Amino acid sequence: MDFRFSEAEEKLRSEVRQFLQEHMPELDPVDRVGSIGGLVVSENAFEKAMAFNKKLAERGWIAPGWPKEYGGLGATIYEQMVFNEEFGYAGPPDTGTRVLGVGLLGPTLIVHGTEEQKREHLSGITSAEVIWCQGFSEPSAGSDLASLQTRAVRDGDDYIISGQKSWTSEAHHADWMFLLARTDPDAPKHKGISFFVLDMKTPGITVQPMIHMANRHHFNDVFFDNVRVPKEALVGEENRGWYVGMTLLDFERSGIIGFASQRRTLETMLDHLRGSPQRIREKYRLGLAELMIDNHVGRCLSYRIGDMQAKGQTPSHEGSAMKVFQSDLLQRMANFGVKMLGLAGQLLPEEPKAPYDGEMPESYMIAVPATIYAGSNEIQRNIIATRGLGLPRG
Ligand SMILES: Cc1cc2nc3c(=O)[nH]c(=O)nc-3n(C[C@H](O)[C@H](O)[C@H](O)COP(=O)(O)OP(=O)(O)OC[C@H]3O[C@@H](n4cnc5c(N)ncnc54)[C@H](O)[C@@H]3O)c2cc1C
């Protein structure tokens with residue numbers, strides 16, 4: 001394994017870094033709302049995030065990994081890693097587009113969409129104009145997603161959708177949703193599900209905010225009351241939506257974005273400790289060293305996944321190990337940061353005297369769900385046990 005990037009990749013890195021330095025908007029700390037692999041911002045800063053994404057779009061940088069025919073740059077896995085590492089470190093805002101539209105919906109349509117669906121939806125993503133949300137989870141269907149109960153019933157040339165989705169990130173900003181709904185309640189649970197795309201302005205949709213523990217609006221409950229969508233809203237075959245929804249393309253998914261973002265926070269902690277009295281330095285220096293080692297290990301886990309992808313291999317339990325390690329480290333870092341800052345470490349971004357704009361206590365709260373979303377850590381450990389270690393289920 002060679003950890004060095006090529007000269008051309010390093011040149012790209014400098015270009016991306018310089019662009020971010022020049023164009024990344026200043027954000028008020030209270031406008032940081034959460035993270036889904038990119039910084040999600042409040043209502044106040046939403047226009048700034050949108051304007052920033054449009055600048056990326058002008059350069060073809062919204063979805064660099066997508067094929068050129070669909071508005072990407074056809075970037076290699078290593079080039080995508082360069083983009084993601086620089087974006088992770090700098091922490092620019094996002095509207096949800098770069099994760100939900102680029103990372104999830106786009107690849108699904110590229111593989112399973114009709115030509116008309118691709119034409120209608122992909123350019124809206126790469127131009128950063130159309131925002132998508134993901135309607136998979138429900139109040140009783142999270143880890144066991146195939147238990148979902150939202151129904152889609154065929155009615156002539158339409159489907160009628162009824163039910164509820166939960167934890168829907170950015171539904172309050174989204175123009176469109178991709179969702180899974182049950183089309184055959186009598187089939188075995190993975191086999192009676194279909195994948196749809198729908199316009200959030202369709203009558204019968206209600207978006208209800210859920211405010212999280214950091215008192216910000218990031219996700220929502222979404223209710224469907226006899227929502228009528230045309231049959232063209234179906235992606236792939238009816239009742240095959242489970243397999244459509246699980247599509248993963250060979251776009252970079254090494255997790256480097258998260259470890260790069262952690263590195264920036266650790267560097268802030270290091271600066272703080274350097275300027276602290278000796279007794280504080282002595283108390284925390286070993287703890288910080290340990291976190292920095294772990295972050296470096298995480299970076300290597302990501303490089304390994306990227307390297308596998310570049311060689312055409314499909315990471316499986318390696319991705320699970322990275323996710324468990326990254327989310328656990330995020331929580332340990334946030335815990336450490338709050339303690340190291342002492343009493344002032346509890347001051348939130350709203351407080352003018354909050355050290356580092358309240359980043360540490362805010363991260364402490366925002367880090368809590370990191371071990372839950374994108375497949376909870378228990379589910380990831382199950383994958384490591386079965387696929388990685390070859391242990392039998394249960
Ligand atoms: C910040 C955030 C954003 C989200 N955004 C979205 C979104 O945009 N769209 C969307 O569709 N969903 C979204 N989700 C939902 C997310 O996918 C679910 O929270 C996740 O799948 C877990 O489901 P659950 O919350 O129902 O927990 P449950 O599945 O009920 O799990 C509860 C606990 O039981 C454990 N558990 C469950 N099954 C097993 C098992 N077999 N073995 C061992 N332990 C088990 C879990 O690990 C967890 O600790 C988001 C969640 C969060 C926290």
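Quick note: the coordinates plus some simple rules give every number you see, no bench work behind them. Every value quoted in this text rests on a predicted model; they were computed, and no experiment measured them. Heads up, the Cβs are rebuilt from the backbone with ideal geometry, glycines too, and the neighbour counts pull from every protein chain shown.
Points to keep in mind about this one:
- Taking packing as the residue-averaged number of other Cβ atoms within 10 angstrom, the listed peptides 320-329, 106-115, 93-102 run from highest to lowest as 93-102, 320-329, 106-115.
- Residue among Phe46, Phe196, Phe83 with the largest mean-square fluctuation in a Gaussian network model of the chain, springs linking Cα atoms under 10 Å: Phe46
- Most positive-pole-ward Cα, Ala174, His190, Met200, against dipole of region 133-245 from beta carbon charges: His190
- Rounded to the nearest 20 debye, the dipole magnitude of region 294-394 is 540 debye, with +1 charges on Lys and Arg beta carbons, -1 on Asp and Glu beta carbons, and the Cα centre as origin.
- Taking Leu179, Leu286, Leu266 in turn, the Gaussian network model of the chain (Cα-Cα springs below 10 Å) assigns the largest fluctuation to Leu286.
- Amide N proximity, region 221-265 versus Arg4 label position 7 Å along Cα-to-Cβ, cut-off under 14 Å: none
- Estimated inter-spin distance, Lys54 and Ala289, nm [label 7 Å along Cα→Cβ]: 5.1
- Assuming charge only on the beta carbon of Lys and Arg (+1) and of Asp and Glu (-1), the dipole of region 7-130 about its Cα centre is about 120 debye to the nearest 20.
- Between the listed residues Gly103, Ala367, Ser127, the Cα displaced farthest toward the positive end of the dipole of the chain, a dipole computed from Cβ unit charges relative to the Cα centre, is found at Ala367.
- Positive-end ranking of Ser147, Ala214, Gly245 along the dipole of region 133-245, with charges on Cβ about the Cα centre, is headed by Ala214.
- By the combined test of axial Cα extent (at least 15 Å) and Kyte-Doolittle hydropathy (mean at least 1.0), none of the DSSP H helices of the chain qualifies.
- Rounded, prolate or oblate (a/c below 1.5 giving rounded, otherwise prolate when a/b exceeds b/c) for region 7-130 by Cα gyration tensor: oblate
- Calculated mean residue ellipticity at 222 nm for the chain: -13500 deg cm²/dmol, from DSSP H runs with n ≥ 4 weighted as -39500 (n - 2.57), summed, divided by the residue count and rounded to 500.
- About its Cα centre, the chain has a charge dipole of approximately 1140 debye under the convention of +1 per Lys or Arg Cβ and -1 per Asp or Glu Cβ, with nothing else charged.
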